[in-house]
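The values are calculated or read from the model by the stated rules, or taken from the named source; none is laboratory data. For clarity, every value in this text was computed on a predicted model and none was experimentally measured. Backbone-built Cβ (ideal geometry, glycine too); neighbour counts: all protein chains shown. Heavy atoms of the whole protein, side chains included, go into the accessibility calculation; ligands, DNA and RNA do not. Shrake-Rupley method; radii C 1.70, N 1.55, O 1.52, S 1.80 Å.
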Amino acid sequence: MSKPTFTSDEKGCLIPAGVTILAFLLFLSLPVIGLAPFQIAWRFVAGFGYFLRENVPRISSDAGTWVPGIVSLLLSIAVIHAFGRLWARHRQQPWKVSTSLALGMVVPLLFVISFLVPGVILQVDGLRRVKWTELHRSRNYTPALHAMKIATAAVVWAENRSDRRFPPSADTLVSDGSLSQSDLKIDSKGDALGEPPLYLGAGLTAQSDPGLPLVISGPYSRYEARHRTVITIDLTTVEIAADELDAWIEMALEARTAKQR
């Protein structure tokens, strides 16, 4: 079977047609891939223009800044030209001014490198100090997740009441069907002690101080120390040391007592 052949005119028509089809396919794929690939390509093409537009206005026009630099560059070229002519004379070769100018351009290049190299070293050192990944065993956060689940159910329970009071106990959420019995306890694994979360919402309402503790998780180990997670009325999480537990419980009890007066 012979291969199809195309004339030069047909080949010339195939290229615009292919470009048109490709552009049409890219247009159809916009809802899926978004504009990010096009923005990246545009930055590669025109990024230097953006860089100049942002940084050229920052260049100082003070003569005290640029005149010493130009004078130093001219002196460097003069020194290069003098040594170059002396070297060429010993070898009986010509030495042109253009050669001195070309070698003189190495001076500003070295000047720029003298700024870039320390900056690169500092950046590399800074990146070396950054902790890119942090590994924690998931069981350490299981108590916090249980506490958040109870707190969320209590907030929903209160929002559905006219007085916006939180349930008198976490067991109420179980009997109400908002939670299951397994939500009130966690398994004892490794560093997790299996202590159930502390529910402190009794006597408080959704209109109470949003910073008051609603649920406090059981203890877990992190960074070789015992911690707990406090879920406040506005569902903010606060990690505390285990020895701060009594202070948070006292805060909730004082707010409850003040509410009853």
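Annotation: amide H-H contacts under 5 Å for R226 (H modelled 1.01 Å from N, sequence separation of 5 or more, or interchain): A242. Rolling a 1.4 angstrom probe over the stretch 50-104 with all protein chains present gives an accessible area of which 66% lies on carbon and sulfur atoms. For T205, the residues whose amide H sits under 5 Å from its own are F166, ignoring neighbours fewer than 5 places away on the same chain, with H placed 1.01 Å from N. Once all protein chains are placed together, L103 keeps about 80 Å² accessible to a 1.4 angstrom probe. A simple rule links phi to the HN-Hα coupling: the Karplus curve 6.51 cos²θ - 1.76 cosθ + 1.60 with θ = phi - 60°, which for the stretch 50-56 gives 4, 4, 5, 4, 7, 9, 4 Hz, with x for Gly and Pro.
Distances between placed amide hydrogens fall under 5 Å for L214 paired with I231, T232, I233, all partners being 5 or more residues away or on another chain.
Shape of the stretch 221-261 from its Cα gyration tensor (a ≥ b ≥ c, root eigenvalues): rounded if a/c is under 1.5, otherwise prolate when a/b > b/c, or oblate?
It is oblate, given that a/c is not under 1.5 and a/b is not larger than b/c.
Applying a DSSP loop filter and a limit of 11 other Cβ atoms within 10 Å to the GluC sites (Glu not before Pro) in the stretch 199-261 leaves E224.
The phi torsions of the stretch 111-118, fed into the Karplus equation with coefficients 6.51, -1.76 and 1.60 and a -60° offset, translate into couplings of 5, 5, 4, 5, 8, 6, 4, x Hz, rounded to whole numbers, with Gly and Pro shown as x. In order along the stretch 74-82, phi translates into HN-Hα couplings of 5, 5, 5, 5, 5, 5, 4, 5, 5 Hz, rounded to whole numbers, per the Karplus curve 6.51 cos²θ - 1.76 cosθ + 1.60 with θ = phi - 60° and x for Gly and Pro.
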